[in-house]
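Novice: Input: one structure, supplied below.
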Amino acid sequence: MFMRTIESLGPLKSKTVIIRCDLNVPLSDGVISDDGRIRASLSTIRELREAGARLVLISHLGRPKGVPDAEYSLRPVAERMSELLGAPVRFVEETIGDAASAAVSELSDGEVVLLENLRFTAAETSKDAGERREFAERLASLGDVFISDGFGVVHRQQASVYELAQLLPSAAGRLVAAELDVLQRLTTDAKRPYTVVLGGSKVSDKLGVIAHLLERVDTLLIGGGMVFTFLAAQGHSVAASLLETDQIETVRGYLDEAERRGVRIVLPVDIVVAEKFAADAAHEIVPADAIESSRFGAEGLGLDIGPSSATAFAAAISQSETVFWNGPMGVFEIDAFAAGTRTVARALTETEGFTVVGGGDSAAAVRALGFSDDQFGHISTGGGASLEYLEGKSLPGLEVLA
């Protein structure tokens with residue numbers, strides 16, 4: 001897919017450049033637990049600072065309800081970015097208005113300002129195109145050109161992603177270009193054997209990806225909460241584990257199609273079953289086809305793949321030339337149920353093939369478990385955007401840059 005690049009915008013010295021970043025970091029009581037998305041945004045920002053541009057950064061954080069909410073303020077992000085950038089990042093407590101306009105007008109070459117959360121304005125995510133465009137016009141009045149570098153939102157038709165790109169000379173930033181390059185490699189030029197590891201809670205979130213990838217991959221490894229719908233589709237009881245009963249027939253169809261295509265779908269052979277969803281829960285390992293055989297009976301909850309499954313998954317990964325992983329294997333936030341995810345992550349770091357961690361919970365998991373970004377071929381910043389691209393969907397935020 002062709003997209004306009006930063007070079008197409010011409011010299012940017014002394015130009016005011018609006019950059020749509022994705023700074024949607026996990027935040028609790030003002031403390032950032034994972035600054036991966038901030039770090040990922042720095043390449044474009046550093047390049048444009050060195051070019052003498054005047055930078056206006058815009059982003060969302062969380063899901064405020066269209067009004068200011070201190071819980072979702074970007075102030076901590078500005079402070080962390082200043083530390084990582086080694087230069088001041090001025091924070092403005094509004095997105096549009098007199099204070100924002102004044103701060104932008106005071107910028108000198110190479111200086112950076114971060115405006116408050118875009119989603120404090122309801123028009124950013126409005127279903128009404130006219131409302132979005134009006135908000136985008138006010139944003140556009142702050143700058144000379146626009147660079148889209150928030151890959152995590154390119155699948156959204158929102159004011160700062162879509163309409164703003166129509167109103168100013170626009171181009172893709174380095175992060176968006178790099179993400180697209182990786183996704184194209186996964187869909188059109190992947191070296192074989194090609195393995196996809198899917199986890200996370202709901203199988204319904206991944207059905208489109210499975211359908212689109214069945215004709216492209218050699219092996220699908222299935223873990224996480226979604227595995228229980230697969231086990232149910234094979235006729236096994238899953239006790240009180242997460243189950244989407246309305247998807248059982250669909251999953252059964254994918255299992256049949258995979259067999260017809262010669263695609264290997266690998267399901268866990270053992271499961272870590274707990275008495276409840278809690279850090280101190282009693283738990284034990286049981287065969288995946290006999291979950292109710294645990295001492296918790298029909299009340300048992302499957303919260304991780306077992307050690308034999310993790311070993312089998314790691315072996316499949318080690319034999320692959322390309323691996324895409326999206327979704328943890330269990331409740332990685334609780335140490336007792338993190339082993340499956342940790343084993344899969346370690347396998348990705350040890351294989352010689354090209355490895356991609358598909359953003360979202362997967363990216364959070366590898367960092368929380370002590371792995372560094374440079375141990376993987378690529379860690380995506382956009383879980384939902386990555387999945388929609390792999391489903392073959394059109395992404396508005398990319399199409400508008402073509």
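Novice: Can you tell me which residue within the range 291-312, out of those that are part of a helix (DSSP H, G or I), in contact (Cβ under 8 Å) with a residue 12 or more places away in the chain and over 14 Å from MET329 (Cα atoms), is farthest from the chain's Cα centre (by Cα)?
Specialist: Initial filter on the range 291-312 (part of a helix (DSSP H, G or I)): 291-293, 297-299, 307-312.
Cutting the leftovers down to in contact (Cβ under 8 Å) with a residue 12 or more places away in the chain gives us 291-292, 297-299, 307-312.
Subset that is over 14 Å from MET329 (Cα atoms): 291-292, 297-299.
On the way: ILE291: 31, GLU292: 34, GLY297: 36, ALA298: 34, GLU299: 32 Å.
That would be GLY297.
Novice: Here is a follow-up. Scan the range 113-136 for residues that are more than 26 Å from GLU71 (Cα to Cα) and touching a helix residue (DSSP H, G or I) at 6+ places or on another chain (Cβ under 6 Å) and jot them down.
Specialist: The answer is ARG133, and nothing else.
Novice: Those residues that are within 21 Å of the chain's Cα centre (by Cα) and of a type in the set (S, T, N, Q), I need them from the range 164-205; list them, please.
Specialist: Hits for the range 164-205 are GLN184, THR187, THR188, THR195, SER201, SER204.
Novice: If I ask for residues that are touching a helix residue (DSSP H, G or I) at 6+ places or on another chain (Cβ under 6 Å), part of a loop (DSSP other than H, G, I, E, B) and either under 24 Å from ALA140 (Cβ atoms) or free of Cβ contacts under 8 Å to residues at least 12 places away in the same chain (or both), which ones from the range 38-87 would you list?
Specialist: Residues satisfying the conditions are HIS60, LEU61, PRO64, GLY66, PRO68.
Novice: Here's something else I'd like to know. Does the range 373-396 contain any residue that is more than 16 Å from the chain's Cα centre (by Cα), closer than 26 Å to GLU215 by Cα and at pLDDT 95 or above?
Specialist: yes
Novice: Six or more apart or on different chains, Cβ atoms under 8 Å: show the pairs whose first residue is in the range 233-253 and on the phi > 0 side of the Ramachandran plot and assigned to a loop (DSSP other than H, G, I, E, B) and whose second is small (Gly, Ala, Ser) and modelled with pLDDT of 95 or more.
Specialist: ALA239/SER294; ALA239/GLY297; ALA239/ALA298; ALA239/GLY300; ALA239/GLY302
Novice: It is to be established whether one or more residues within the range 332-345 are within 18 Å of VAL154 (Cβ to Cβ), touching a Ser or Thr at 6+ places or on another chain (Cβ under 6 Å) and surrounded by 19 or more Cβ atoms within 10 Å (Cβ to Cβ).
Specialist: no
Novice: Sort out which residues of the range 1-36 are at pLDDT 95 or above, of a type outside the set (S, T, N, Q), surrounded by fewer than 15 Cβ atoms within 10 Å (Cβ to Cβ) and on the phi < 0 side of the Ramachandran plot, and write them in order of number.
Specialist: Of everything in the range 1-36, those that are at pLDDT 95 or above, of a type outside the set (S, T, N, Q), surrounded by fewer than 15 Cβ atoms within 10 Å (Cβ to Cβ) and on the phi < 0 side of the Ramachandran plot turn out to be GLU7, PRO11, LYS13.
Novice: Yes or no: the range 120-135 includes at least one residue that is on the phi > 0 side of the Ramachandran plot and surrounded by fewer than 20 Cβ atoms within 10 Å (Cβ to Cβ).
Specialist: No, every residue in the range 120-135 fails to be on the phi > 0 side of the Ramachandran plot and surrounded by fewer than 20 Cβ atoms within 10 Å (Cβ to Cβ).
Novice: So for the range 93-110 (the condition being aliphatic (A, V, I, L, M), surrounded by 15 or more Cβ atoms within 10 Å (Cβ to Cβ) and touching a His at 6+ places or on another chain (Cβ under 6 Å)), does at least one residue qualify?
Specialist: No; the residues of the range 93-110 include none that is aliphatic (A, V, I, L, M), surrounded by 15 or more Cβ atoms within 10 Å (Cβ to Cβ) and touching a His at 6+ places or on another chain (Cβ under 6 Å).
Novice: So how many residues does the range 334-389 have that are under 24 Å from ALA312 (Cβ atoms), part of a helix (DSSP H, G or I) and of a type in the set (S, T, N, Q)?
Specialist: Residues flagged as under 24 Å from ALA312 (Cβ atoms), part of a helix (DSSP H, G or I) and of a type in the set (S, T, N, Q) within the range 334-389 amount to 5.
Novice: Would you confirm whether any residue within the range 384-393 is farther than 30 Å from HIS155 by Cα and surrounded by fewer than 18 Cβ atoms within 10 Å (Cβ to Cβ)?
Specialist: No, the range 384-393 contains no residue that is farther than 30 Å from HIS155 by Cα and surrounded by fewer than 18 Cβ atoms within 10 Å (Cβ to Cβ).
Novice: Also, I was wondering about something else. Inside the range 254-289, can you point out the residues that are farther than 19 Å from LEU220 by Cβ and either part of a strand (DSSP E or B) or at pLDDT below 95 (or both)?
Specialist: Result: VAL272, VAL273, ALA274, HIS283, GLU284, ILE285, VAL286, PRO287.
Novice: Would you please name the residue that is surrounded by the fewest Cβ atoms within 10 Å (Cβ to Cβ), looking only at residues in the range 346-364 that are of a type in the set (A, V, I, L, M) and without any contact (Cβ under 8 Å) to a residue 60 or more places away in the chain?
Specialist: Once the filter is applied, the top-ranked residue is ALA347.
Novice: Could you list all residues from the range 37-66 that are of a type in the set (D, E, K, R), crowded, with 18+ Cβ neighbours inside 10 Å and more than 20 Å from the chain's Cα centre (by Cα)?
Specialist: If the condition is that a residue be of a type in the set (D, E, K, R), crowded, with 18+ Cβ neighbours inside 10 Å and more than 20 Å from the chain's Cα centre (by Cα), then ARG49, ARG54 are the ones that fit.
Novice: Out of the strands (runs of 3 or more DSSP E) lying entirely within the range 117-225, which hold 2 or more residues that are over 24 Å from LYS15 (Cβ atoms)?
Specialist: Result: 194-198, 219-222.
Novice: I would also like to ask the following. Do you know which residues across the range 339-376 are touching a strand residue (DSSP E or B) at 6+ places or on another chain (Cβ under 7 Å) and closer than 15 Å to SER309 by Cβ?
Specialist: ALA339, GLY340, VAL344, listed by residue number.
The values are calculated or read from the model by the stated rules, or taken from the named source; none is laboratory data. Because the structure is a prediction, the values reported are computed rather than measured. Cβ: placed from backbone, ideal geometry, glycine included. Neighbour counts: every protein chain shown.
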